[in-house]
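S.K.: One structure is given below, represented as structure tokens, and several questions about it will come after.
The values are calculated or read from the model by the stated rules, or taken from the named source; none is laboratory data. A quick note: this is a predicted structure, and the numbers were derived from the prediction, not measured. Note that we place each Cβ from the backbone using ideal geometry, even for glycine, and neighbour counts take in every protein chain shown.
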Amino acid sequence: MAETSSPSFSPNLSDAHAPAAGRARFWRDDALEGAWLMDAHYAAHRFERHLHDELVIVVTEQGSGEVETRFGTERSGPGTVWVFAAGEYHCGRVHGDAGWRYRAIYLDEPSLDALSDVLRDGMHRKLSIAPGLYDDAGLAARQALWWSAMGLLFSRYGLPRMAPGRVGNDKHRLRTAHAFVHANFMRDFSIDELSQAAGLSRFHLMRAFRKEFGLPPHTYANQLKLIAAKQKLQAGVAPAEVAVEVGFYDQSHLTRLFKRAFDLTPGRFAALHSRQ
């Protein structure tokens, strides 16, 4: 595929804002089949534990970021590429005095399917890649060329699609608790309900759920609400209606958690998607 047809990371539709410790810019490109892009530069910033419903790929340009996932804590540097799987919690912060400048691409299921169609060359399987930090200056240098960068990433590190393994002595009960949260996250369920459904004591459930899924049950449920909110906002539902439909107390509650998780407001996110 000719490089001249590859869309670049240079924004043609931008959504910029400037937090006190830096700035982040989001945009979309019609050629990317629904993926959206981010360019961020932070002098100092801390990211709370959160989830994405997309595969997120982050290229560090300058400085360093320190990120915690269920696999441990790692630090990026120029020439590294971070891959965050959909549904996996992570949190982090800017590391050191040089700040952290990075670019990111967010691939939801439809955009990953579209990319699979282009790159798999007749192989009937969905593209997948193991999450983690890849030290690959050659790959990072291609960040401005979408097809080239993605083709190189998946050819070097891609895997057959597989579910992440779970560990622990209560895997079945935790899967039950996990399914309960997914089925009931839009309502205000109690820990007693959850512990009864899973067959675990309250104390053991809270400790094991956080260890297994990265967040306490109600915090995890809030992340599912945010993911549902993103989908409704993308479909054109007004933020005030979205807040009620996904189970937040009000729009301000949605806005506060949405901004903390994704560093942009629901209104900005909706405007970003309305430009497709």
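S.K.: Which one of Asp188, Asp192 is over 19 Å from the mean Cα position of the chain (by Cα), at pLDDT 85 or above and not in a helix (DSSP H, G or I)?
M.R.: That would be Asp188, the only listed residue that is over 19 Å from the mean Cα position of the chain (by Cα), at pLDDT 85 or above and not in a helix (DSSP H, G or I).
S.K.: Any residue that is modelled with pLDDT of 90 or more and out of contact with any helix residue (DSSP H, G or I) (no Cβ under 7 Å at 6 or more places or on another chain) - is there at least one of those in the stretch 108-130? Break it down into steps so the answer makes sense when it comes.
M.R.: Kept after step one, since they are modelled with pLDDT of 90 or more, are these residues of the stretch 108-130: none.
No, the stretch 108-130 contains no residue that is modelled with pLDDT of 90 or more and out of contact with any helix residue (DSSP H, G or I) (no Cβ under 7 Å at 6 or more places or on another chain).
S.K.: Another question, then. Which condition breaks for Glu74 when tested against (1) part of a helix (DSSP H, G or I); (2) charged (D, E, K, R); (3) at pLDDT 90 or above?
M.R.: Of the numbered conditions (1) part of a helix (DSSP H, G or I); (2) charged (D, E, K, R); (3) at pLDDT 90 or above, the odd one out for Glu74 is (1).
S.K.: Another question about this same structure. Of all residues in the stretch 138-175 being in contact with a Pro (Cβ under 9 Å, 6 or more places away or on another chain) and modelled with pLDDT under 70, which is farthest from Glu61 (Cα to Cα)?
M.R.: Only one residue tops the list, namely Pro164.
S.K.: Additional query: Mind listing whichever residues of the stretch 85-121 are assigned to a strand (DSSP E or B) and farther than 15 Å from Ala35 by Cα?
M.R.: His90, Cys91, Gly92, Arg93, Val94, Trp100, Arg101, Tyr102
S.K.: Please find, within the stretch 203-230, the residue that is surrounded by the most Cβ atoms within 10 Å (Cβ to Cβ) out of those that are over 13 Å from Leu257 (Cβ atoms) and without any contact (Cβ under 8 Å) to a residue 40 or more places away in the chain. Give the steps one after another, and end with the answer.
M.R.: The initial filter retains those residues of the stretch 203-230 that are over 13 Å from Leu257 (Cβ atoms), namely 203-214, 216-217.
Now restrict to residues that are without any contact (Cβ under 8 Å) to a residue 40 or more places away in the chain: 203-207, 209-210, 216.
Values: Phe203: 10, His204: 13, Leu205: 24, Met206: 17, Arg207: 13, Phe209: 26, Arg210: 16, Pro216: 16.
Per the criteria, the residue is Phe209.
S.K.: Looking only at residues in the stretch 220-252 that are under 16 Å from the mean Cα position of the chain (by Cα) and either among the hydroxyl-bearing types (Ser, Thr, Tyr) or at pLDDT below 90 (or both), which one is farthest from Leu194 (Cα to Cα)?
M.R.: Taking the stretch 220-252 as the starting set, the residues that turn out to be under 16 Å from the mean Cα position of the chain (by Cα) are 220-231, 234.
Filter once more, keeping what is either among the hydroxyl-bearing types (Ser, Thr, Tyr) or at pLDDT below 90 (or both): 220, 234.
Numbers: Tyr220: 13, Gln234: 31 Å.
Ranking the qualifying residues of the stretch 220-252, first place goes to Gln234.
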